[in-house]
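Trainee: Mind looking over this structure? Questions follow.
The values are calculated or read from the model by the stated rules, or taken from the named source; none is laboratory data. On a predicted model such as this, the values are computed, not experimentally measured, just so you know. Neighbour counts are summed over all protein chains in view; Cβ atoms, including those assigned to glycine, are modelled from backbone coordinates with ideal geometry. We work out accessible area using only protein heavy atoms, side chains counted, and drop any ligands, DNA or RNA first. Shrake-Rupley method; radii C 1.70, N 1.55, O 1.52, S 1.80 Å.
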Amino acid sequence: VPEALFWDSGDPYDYLRVDRRHDHDFIIFGGEDHKTGHIEQTTDCFARLEQRLKQLLPDISVTHKWSGQVIESNDGLPYIGETAERQYVATGYAGNGMTFGTLSAMMFADHVSGEKNPWADLYDTGRTKIKGGLWDYIKENKDYPYYLVRDRFAGKGGKSLRAIPRGHGEVIDVNGQAAAVYRGLDSQIHVRSATCTHMGCYVHFNDAEHTWDCPCHGSRFKVNGEVIGGPAEEPLGPIEVKDVSRKSQVDSR
């Protein structure tokens, strides 16, 4: 494979980058972008990627799979600048960290040396751009009322902890409360509140990475409730469990 970075013009797009080694190549292939918590079967995303990759490189062996969140602003540009005296922030690269990371360093160097950077206003952290960003802002924020109401009317998935298979999680009713319940491969059951500590939406189980993801604003939690990524800052709350098989261990701390 030629040593380069490739991407297509789809939306969302796929990309392929090459890491050359003396006796083989490492290929990183990505795509299948989707909003956090919006895909029912996240393992399907990896399956589709692998299928397309093997169409390009039939003899390749897949060794690792992972995903990560990409943060985008409503106008598509990152925030780069001073947020407090002698405090500089660069965020919202939307996956273009190599480019914007270099640009941020150039802008910060100019700021420290007292030079006026020509891009400072464009990426200003305090900008309130309406034109060109308002429609995207509205589209993104409609998720909050939609999922907040939909998941509560849809109800919980079931009422029995014992019905959840190993390596799987589900939001079920536990003593009248919406509980995020996960059964590990060792049969230990983790029970936490299904209510996201950011703004109260119900979390959804990510079957590819065994995490609880919030569809409203993208917060992610481990199966034991610990925060992986914000905007939530507090872990999923505890749930008191009374109905459980004697053969299972329950972690509801």
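Trainee: Is there any pair linking a residue in the stretch 2-21 that is more than 19 Å from Glu50 (Cα to Cα) and modelled with pLDDT under 90 to one that is surrounded by 12 or more Cβ atoms within 10 Å (Cβ to Cβ) and among the β-branched types (Val, Ile, Thr), with Cβ under 7 Å and at least six apart or on different chains, and which?
Mentor: Glu3/Val18; Ala4/Val18
Trainee: Residue by residue through the stretch 174-185, note down the ones that are open to solvent by 30 Å² or more (accessible area, probe 1.4 Å) and either touching a residue at least 40 places away in the same chain (Cβ under 8 Å) or in contact with a strand residue (DSSP E or B) (Cβ under 7 Å, 6 or more places away or on another chain) (or both).
Mentor: Asn175, Gln177, listed by residue number.
Trainee: Regarding the stretch 32-41, can at least one residue be identified that is aliphatic (A, V, I, L, M) and assigned to a loop (DSSP other than H, G, I, E, B)?
Mentor: Looking through the stretch 32-41, at least one residue is aliphatic (A, V, I, L, M) and assigned to a loop (DSSP other than H, G, I, E, B).
Trainee: Right, something else. Output the number of residues of the stretch 6-46 satisfying the condition of being loosely packed, with under 11 Cβ neighbours inside 10 Å and more than 26 Å from Asp207 (Cβ to Cβ).
Mentor: 7
Trainee: Can you pull out the residues in the stretch 90-112 that are open to solvent by 30 Å² or more (accessible area, probe 1.4 Å), polar (S, T, N, Q) and in a helix (DSSP H, G or I)?
Mentor: Thr99, Thr102
Table: residues versus (1) of a type in the set (A, V, I, L, M); (2) in a loop (DSSP other than H, G, I, E, B); (3) modelled with pLDDT of 80 or more.
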position	(1), (2), (3)
Leu148	yes, no, no
Lys159	no, yes, no
Gly169	no, no, yes
Asp173	no, no, yes
Val181	yes, no, yes
Leu185	yes, yes, yes
Trp212	no, no, yes
Pro215	no, yes, yes
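Trainee: Pairs only if they're at least six apart or on different chains, beta carbon under 8 angstrom, first in the stretch 119-134 and more than 10 Å from Asp75 (Cβ to Cβ), second surrounded by 12 or more Cβ atoms within 10 Å (Cβ to Cβ) and modelled with pLDDT under 60; list them, first residue then second.
Mentor: Sorted first by the residue in the stretch 119-134, then by its partner, the list stays empty.
Trainee: Could you tell me how many of the residues in the stretch 113-140 are loosely packed, with under 13 Cβ neighbours inside 10 Å, assigned to a helix (DSSP H, G or I) and modelled with pLDDT under 90?
Mentor: Total satisfying the criteria: 4.
Trainee: Okay, next question. Would you point out which residue out of Glu50, Glu72, Glu82 is surrounded by 10 or more Cβ atoms within 10 Å (Cβ to Cβ) and within 21 Å of Asp143 (Cα to Cα)?
Mentor: Result of the check over Glu50, Glu72, Glu82: Glu72.
Trainee: What pairs can you find where one residue is in the stretch 43-65 and under 21 Å from Glu209 (Cα atoms), the other is open to solvent by 90 Å² or more (accessible area, probe 1.4 Å) and part of a loop (DSSP other than H, G, I, E, B), and their Cβ atoms are less than 8 Å apart, with a gap of 6+ or different chains?
Mentor: Phe46/Lys65
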